[in-house]
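A.B. asks: Please see the structure below; I have some questions.
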Amino acid sequence: MKTFKIPLRYVPIAATISVFCVVYLIGIICYDGFGVLSIFDLLQDNSYLGIAAIGTALVILTGGIDLSVGSVIAFTTILIAKILVAGGNAFLAISLALALGTLFGFCQGCLIHYFSLPPFLLTLAGMFFVRGCAFVVNVSDVPIKRDAVFDFVTDNLSISIGSEITISFYVVVYIVLLIAAIIFSQRTRAGRNIYAIGDNELAATLMGIPVGRTKIMTYTIAGFCYALGGVAFAFYLKSGYASHCVGMEMEAIAAVVIGGTLLTGGVGYIFGSFFGVLVLGLITALITYDGLDSCWSRIIVGLLMLVFIFMQNMITKISKSKSKSH
Amino acid sequence: MNKFATVIMAAAAATLLVTACSKKDPNKTYVGISQVGAESDWRRASTKSIEDAVAQRPQIVMTFADAMQKQENQIKAIRSFIRKKVDVISFSPVVSSGFEDILKEAKKANIPVVIFDRAVDTDPSLYVSLVGSDFTEEGRRAARWLIANKPAKDSIKVIELSGTAGSAPAIERQKGFAEIIESTPEIKVVVSQSGNFTRVEGKKVMENILQTPEGKDFDVLFAHNDDMALGAIEAIRDVGKVPGKDIIIISVDGIKDMFQEILKGNANCTVECNPLIGPTLFDVIEKVKKGETVPPRIPSLEGVFDSIGGIEVGNEETPVQTTKITQEIIDGRAY
Amino acid sequence: MDLLQTKGIEKQFLGVKALKGVDFSVKAGEIHALMGENGAGKSTLIKIITGVYPATAGSVYFNGKECKFRSPLDAEHAGISTVYQEVNLLPDLSVAENICIGREPRTKLGFINKKKLKEQARKALARLDIDINVGENLSSYSIAIQQLVAIARALDVDCKMLILDEPTSSLDENEVKELFSVMKKLREEGMAIIFITHFLDQVYEVSDRITILRDGQLVGSYDAKDLPRIEMVAKMIGKTPDQINQMQASIVKNTKFGDVVYEAKGIGCTGTISPVDLNIRAGEQLGLAGLLGSGRSEVAQMIFGVDPHDSGAMTMDGRPVNFNRPQKAVKAKVALIAEDRKVTGIIPDLTIRENIILALQASKGIWKTLSPKQQEEMTEKYIKLLRIKTPSGEQLIKHLSGGNQQKVLIARWLATSPKLLILDEPTRGIDVGAKAEIEALTQELCGEGMAVIFISSELEEVVRDCDRVIVLRDRKKVGEIAGSDISLKNIMKLIAG
Amino acid sequence: MKKMSNKYRHLVWPLASLALLLLYNAFFTEDFFKVYVKKGNASEQTQVVGKKDNTPAAQQPVAQPTEQQPPAEQQPVAQPTEQQPPAEQQPVAQTAEQSQPEEKDGGFSIFDYHFSGTPVLILKQGSEVMLLAIGMTLVIATGGIDISVGAVMAIAGAVAALLMDMFEHQLPASAMETGLYWLIPVFAALLLATLCGFWNGMLVAGCGIQPMVATLVLMVSGRGMAQLITSIGRSKPEQITFQSEQLAFLRNGYVLMVPCCLWIVVIMYIIAGLLTRKTALGLFIESVGNNEHASRYAGIESRRIKWLAYIICGFCAGMAGLLTLCDTKSIDANNAGLYLELDAILATVIGGTSMAGGRFFLSGSLIGAILIQTLTATMIANKVDSSIIPLPKALVVIIVCLLQSPVFRAKVFSLFASKSAKGGVQ
């Protein structure tokens, strides 16, 4: 009964975590090969999504939305691959990719703020745009040629536990970024401003919060996160392809929603998105373990989202009634 | 809150406890197979043949994972196979690049890997064998057939419906086709557009091309798969041209619907790209399990089917005569 | 010497001149009331001073030097902080953050120091003698508290000038008193306070000087003590005192009542309001008096079916009815003009015409439509009848001033020719002229045999207009006064309990 | 007059861009505007009607008004297709006479002839998006959004295909030829799609869940369900095909020389138009989208209105799904209507309906859809690789949206104003 004691605003996260644990348990019980250590595989397989989801979460917290996730990742991979093939070194490739991603995010932010275009629409256009660019870079898939930097990163920066488990550096990157993002969102003025804007933009303006700057900053950070996610993806797959991650934006949004963030903005925790990502990954993983037909993963994810949405809905209702009775 | 937890638990349990938990049995062969997806009839046929093959082999226990055309899913699946410690892993790569690491992991866990249908561009020591078709050769065969029965004109315009941009079959079939028609200057590819290997796209793109000047007069349609060709045939009919007569239609795969069209005379030739990979694949897999050595490249036996028959479209080492399609053949086809 | 001074401020909103060369000055250590009808340009002036809008022309001097604030934050840094008309805070953030956001105390590393943050917030609230858990989300506190939090926020910076735009509109007596004592304290500390309100007595209670604006122009600044009330009103609406006396005298109470139109027996909603019974006759004007939060609006909303009642029964013309959705009430010819015009009233992007026909159309349903001609006529009629100031009925309602918007809403409901009209604070945030007009109108309607329920926080109005008054306290009906007993004193007694 | 201009201001920019695009084609794409008259299924093709010898530049004005007049005088946008007959009738008659000799039956009947050519093709291929856009417009006008339409299309298509397939295996071919069996799948599909709309409406209006999320659920799981449907009676989800020409007629047939699917769009458009403008529904939708709370206080059943909008949207999606099915007489749950919801939303917004809800413009949305389709056609006509098409699409969308955004216009105008002011000073 202790769960009743946790404050209302933590309920969604608690729920997400408990779901994760439950499903994980089921997995361990039912599927041989799916052990306690599979958590590392989950991280390994989903860190790119997680990194991107951080960006999406921040944008959603401002009350906006960003659909350009998937295509930015695809663009990043193909760009890196192309540069490496052309003989550039990985360091250059990665930094260029990150720079472009950040720039792109910045542009989106500016357009959204200065011309007050609806985020959904603009980022939708952005998604098409970047996807197109990716195809311009190269149509067919390009294997990512390893070079000194690349090898160094992959071989030396990854921790291996035992024979099976290795924690690749991008998992580490993810965890670091996650912690940074949590601190940023909870403990810095800029971070709180994000929440403030998402909560009530007009009020934020009148309270003297730099709405424009914060918005643009958020989309820029998001752009960076996507690019970084792309880099992680590039290291994860070692292949650049313009049609990687088609429709991934919805996965990212789903992860954020399951993570307990309200799409209206202003409510939710970055930490939640971490578990959101894990839950999504877990479901796909178990379905492959089970050999179920792929269409089930779609259906189950949908149902899961439904459950969470209903719960959040209830919570907001409860808190409203509370304030009313005051 | 607890209530929610229980509700969710119930849901999760209900959805995930569908299979009973089974422990391993030494004299069975555990196989993990990762298929590209279910994007076309051809793909589905290949999936089906795999399942049928398993049905006939009681000693084989298969875990099948559909990657939904996403490489990351495929990697995840293969990793889960490694964790499950299956005896053999077999998969058909979504894209050719980027499987090096996972294959290394498989090697480290010393699980042999058999690749089917499409190639991967990694160091071949990472997998024991590749069962499947040679897309380039398919392209060549299509071209050879065309040269063999080209209309008596001084310039023959070809419209090419290519597959999903950047996918291995699309690139290689295009390559093979171009490589052969080079030798005959009168044959030229005037338009090449991607139809994404699907019927709907094939039709849409064809409809558009038909409105362009190039589309107004051309002689040959070369489609990278039958689905697109079937879509295109509809489109060609709509503008009042007669597919198979005004326009020579050549495509790759050899699915039943296409055979029907050829029999009806609405199409001329389809170069088989055999999806019925199941039996061959599992023969190889069992060999591998027993530890026997298998050749690194096992071509699946494939014919070329058309409305005439008896035309030589093979190359030096493997000559291939085309087969004339009859109702019997169609009835005999599984897909 | 003047702390703040504006010279020839002008402001143009797409064609419309909102301010025409306003010179205005505030001294340190005074409470300066800024008065004027709606659309007189008070808010605009404030927004220009605090840098929400840039001025089209003219200049602002603060502390003797000219300054152009680009944002409220600039102004705040310079020492001007503002509390705006509607409570503009962040419901889902904690009280502490609402007070301190934008200037949170930080550790050496630049991170927010939560402990300090809370202390700072507690201090700020203590200044207003409020002690609440600052960690809680703001949304879990009442509007009044939220309003005070907003003020606390404004005071939190060491500001030289505090601007209060309609701060009291959502506070009850005691809270207002608290606020005033705070204001006086601040004045002693030498702070300048600009105070905007529509409650005339409040103006005289605290302010030293009064500046009056009328449609964008400065009428003048006066010392409060040598500006008689009636005179001020006259200046505000540009009429002579006697004209106003006439206006108020012109209100004649209707005395002949029909039979009971609406009757409610013990309707209540657990948690919101305890059972109330009330009845009203045709042509009667029933007042609901009580402090804010005493449940007067809740009763109105319950009658109209916005918040369904879970006990009791209601009858309309003797027939039992059950309004659990506004639609039902509307169909039964009940009309509610609710408290918060912006939220529950106007449809900003629709034209005046559409806003007027909306309720009638709603009661007719989707299929039975009004012909364009009918709509035109109706619009014209009400624009004339209620003297709505607009070029045409096709004007978007959001371009009208508050008073005119309110009139459009009244028109919307008159169009449905209701049997029972509920007016919840119809005169809130409306200038004196419009007020008088509306009061006269309601009397007229009663004359035509309409039953009117009138809710107002200005007891004078209630006393002036109502034939019967139901007094509420703490979400309970505490008494009912009729006829000659209706007087400020009696009502106050009941309210005080 | 002012009223008129206010009413149609939103159509100006999309129309302008469409005109620009067509202009480009007029000059750079050969016979982009040629409209042919073809004989039903006959092989021989009657020669190009009329303006064969005209220069494209000369054709352009002919083609443009057909696209543009409608909104300018509040007629259905699909009017062009109806207007073409007058434009073509004359020459058609000639060809008929010319071709009489070789015609057995002789005489020209509009039953065995139909239009063809890029403009017709654009409208034909755009029909799905146009249908979706009609529904989407209403939903967006209520301040919502429905990103599940693509999945709903797949579901509808899957069901219809499944039933057709079953009939064709169960019933004798003769019955299939003569009977109206093909109607059953149609109704089933539409019913199911409407139910999907109902479900969305329930989540949004009933449970007050945020539209984006509410429809995301169906978007994610819907496609899975469609796959399940296609796997009924099979081991795995499969591409289901059928033979019936009657059903395929919906998409590929011609009525009065005009593609049948266009008539469907026109009919849906007229129905929606009447429903919203001749009844109070339009007013209610706009008021709910603009200020739901106030609408409720005004006695509008805001929930029902929203709900209705989603149901209509679902129905339109079902229609679109059927068209996709009939296009190739086969459904592939995996790809059917994939990402079409995005096109529909783009079309709607390009058409001038604000994503914040409130005022909506059906005709604008149709123009938006046509604009998108024209763009694609132009790309292909100019041999742009189809994988790169998203790029220019995005650019056009951004430009149109910028032009739509009042802020942007204000900024630009102020720029000019300041420039001219400077000029004045000098």
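A.B. asks: Relative to the longest principal axis of chain B, what angle (0 to 90°, nearest 10) does the C-alpha long axis of helix B:71-84 take?
C.D. replies: Computed tilt is about 40 degrees.
A.B. asks: Taking a quarter of the surface of the convex hull around the Cα atoms of the range A:47-276, what do you get in nm²?
C.D. replies: Over every viewing direction, the Cα hull of the range A:47-276 projects on average to 12.2 nm².
A.B. asks: Could you work out, residue by residue across C:361-369, how many beta carbons of other chains sit within 10 Å of that residue's beta carbon, and then give the average as an integer?
C.D. replies: 6
A.B. asks: If you don't mind, another one. For every other residue with a beta carbon closer than 13 angstrom to the beta carbon of C:Glu173, add +1 if it is Lys or Arg and -1 if Asp or Glu, then tell me the sum.
C.D. replies: With Lys, Arg at +1 and Asp, Glu at -1, the net is -4.
A.B. asks: Can you put D:Met379, D:Met319 in order, fewest other beta carbons within 10 Å first?
C.D. replies: Ordered by Cβ neighbours within 10 Å, fewest first: D:Met379, D:Met319.
A.B. asks: Also: Using the structure shown, select from B:Lys241/D:Lys38; B:Lys157/B:Lys216; C:Lys256/C:Lys435; B:Lys203/B:Lys324 the pairs with a Cα to Cα distance greater than 21 angstrom.
C.D. replies: C:Lys256/C:Lys435; B:Lys203/B:Lys324
A.B. asks: Compute the distance in nm between two label points, each set 7 Å from the Cα along the Cα-to-Cβ direction, one at C:Ala313 and one at B:Glu179.
C.D. replies: 9.2
A.B. asks: What is the magnitude of the charge dipole of the range A:47-276 about its Cα centre, with +1 placed on the Cβ of each Lys and Arg, -1 on the Cβ of each Asp and Glu, and no other charges, expressed in debye to the nearest 20?
C.D. replies: 400
A.B. asks: Using only atoms on other chains, find how many Cβ atoms lie within 10 Å of each Cβ of peptide B:228-234 and report the average.
C.D. replies: Mean inter-chain Cβ contacts per residue within 10 Å come to 2.
A.B. asks: Count the net charge of all other residues whose Cβ sits under 14 Å from the Cβ of A:Ala81, scoring Lys and Arg as +1 and Asp and Glu as -1.
C.D. replies: With Lys, Arg at +1 and Asp, Glu at -1, the net is 0.
A.B. asks: Something else: Using mean Cβ contacts within 10 Å as the protection proxy, how do B:146-157, A:254-265 order, highest first?
C.D. replies: Sorting B:146-157, A:254-265 by mean packing, highest first, produces A:254-265, B:146-157.
A.B. asks: For C:Leu472, enumerate residues with amide H under 5 Å from its amide H, sequence gap 5+ or separate chain, H modeled in the peptide plane.
C.D. replies: For C:Leu472, whose amide H was placed from the backbone, the distant partners under 5 Å are C:Ala289, C:Gly290, C:Val478.
A.B. asks: Sorted by average packing, counted as other Cβ atoms within 10 angstrom per residue and highest first, what order do A:98-111, C:101-114, C:118-131 take?
C.D. replies: Those peptides, ordered most packed to least, come out A:98-111, C:118-131, C:101-114.
A.B. asks: Okay, moving on. When the helix-only estimate is applied to chain B (DSSP H runs of n ≥ 4, each -39,500 (n - 2.57), divided by the residue count), what is the mean residue ellipticity at 222 nm, nearest 500 deg cm²/dmol?
C.D. replies: My calculation for chain B gives -13000 deg cm²/dmol from helical runs alone.
A.B. asks: Around B:Gln71, under 11 Å between beta carbons, what's the net of Lys plus Arg minus Asp minus Glu among the other residues?
C.D. replies: Net charge in that neighbourhood comes out at +1.
A.B. asks: If you don't mind, there's one more thing I want to ask. Of the listed peptides C:374-386, D:154-166, B:192-204, D:125-137, what is their order by residue-averaged count of other C-beta atoms within 10 Å, with the highest listed first?
C.D. replies: D:125-137, D:154-166, B:192-204, C:374-386
A.B. asks: In addition: Apply the Karplus curve 6.51 cos²θ - 1.76 cosθ + 1.60, θ = phi - 60°, to the phi angles in the range B:36-45 and return the couplings in whole Hz, x for Gly and Pro.
C.D. replies: 4, x, 9, 7, 9, 3, 4, 4, 5, 4
A.B. asks: What average number of partner chain Cβ atoms lie no more than 10 Å from the Cβ of the residues making up D:141-148?
C.D. replies: 1
A.B. asks: Would you work out which of B:Gly202, B:Ser167, B:Leu263 lies farthest towards the positive end of the dipole of chain B, given +1 charges on the beta-carbon of Lys and Arg and -1 on that of Asp and Glu, about the Cα centre?
C.D. replies: B:Ser167
No lab work stands behind these numbers, since they all come straight from the coordinates. The shown structure was predicted, so the numbers you read here are calculated from the model rather than taken from an experiment. In this analysis, Cβ positions are derived from the backbone assuming ideal geometry, glycine residues included, and neighbour counts consider all displayed protein chains.
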